[in-house]
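Notes for the one structure printed next.
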Amino acid sequence: MGRVGLRRFLKLSNVLDEVALKLLTLFHVVSVLYTRPLANLIEQLQRLPGVGVKTAQRLSLHIIKRPIEEIEALAQALIQAKQQVGSCTVCGHLSAEPVCEICAHPSRDNSIICVVADSRDLIALEKTREYRGKYHVLGGLISPMDGISPEQLNIQTLVRRVSGSKVAEVIMAIAPSVEGETTTLYVGGLLKPFTKVTRIAFGIPMGGDLEYADEVTLAKALEGRRELDF
């Protein structure tokens, strides 16, 4: 390692030390300002996505002021959701029953399947009220960098589902990221021998997530879908 590289390494090491010190100081402040049970609640709430220190503190202070009946109901709801909510055996969507309400609904079109990465995207598309077919949730995206291979996703179930029934079209509703493109092309290639494969139009910004898109954008994206070219 040269002098320049050594200086950069030392500078990075100093930055990391400062970050670690700030984190330790923050945890110390929390433990000093709040009694241990409350500090533990704040720490647990911070594990939730999008919840920072201030939000966790505000939620914690709000929770302890509520009646014990409300807290017990919240705790019971969390436990029940974790214990009872699983995946639909047909499409992979979140469900407390073996088959979800969408798959079991008699008015849904069985000839069209919309493929999404996870249930959040399914919910976003359902809010448009423009799509009346069925869904298939992959449970993620192919990402070699993150160690996620096709075998770890709900892909083979989809192939068996399409090849074993009369499906006229499969819509690939995957966000246009690098991982999304990889997944779309891989899954589309597997399904192409059995049915027509289309993808939603690029009304969704590159790198964007379906769950954050508004209903009009998603509806237009569904209308503008096109067949995959290989």
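Go through (1) at pLDDT 90 or above; (2) within 30 Å of Tyr212 (Cβ to Cβ); (3) surrounded by 10 or more Cβ atoms within 10 Å (Cβ to Cβ) for Ile71 and report which single condition fails. Condition (2) is where Ile71 drops out.
Yes/no per residue for (1) within 30 Å of Ala168 (Cβ to Cβ); (2) hydrophobic (A, V, I, L, M, F, W, C); (3) touching a Cys at 6+ places or on another chain (Cβ under 7 Å); (4) assigned by TED's automatic domain parsing to the domain that holds Arg160:
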{"position": "Lys54", "(1), (2), (3), (4)": "no, no, no, no"}
{"position": "Ile64", "(1), (2), (3), (4)": "no, yes, no, no"}
{"position": "Glu70", "(1), (2), (3), (4)": "no, no, no, no"}
{"position": "Ala77", "(1), (2), (3), (4)": "no, yes, no, no"}
{"position": "His105", "(1), (2), (3), (4)": "yes, no, no, yes"}
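This table checks each residue for (1) within 19 Å of the chain's Cα centre (by Cα); (2) farther than 21 Å from Ser119 by Cβ.
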residue	(1), (2)
Glu151	yes, no
Ile155	yes, no
Glu169	no, yes
Val178	yes, yes
Thr183	yes, no
Tyr186	no, no
Lys192	no, yes
Val197	no, yes
Gly208	yes, no
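Within segment 169-194, the set of residues being of a type outside the set (Phe, Trp, Tyr) and touching a helix residue (DSSP H, G or I) at 6+ places or on another chain (Cβ under 6 Å) comprises Val170, Met172, Ile174, Ala175, Leu190, Leu191.
The values are calculated or read from the model by the stated rules, or taken from the named source; none is laboratory data. For clarity, every value in this text was computed on a predicted model and none was experimentally measured. When we count neighbours, we look across all protein chains shown, and the Cβ atoms used for this are built from the backbone with ideal geometry, even at glycine.
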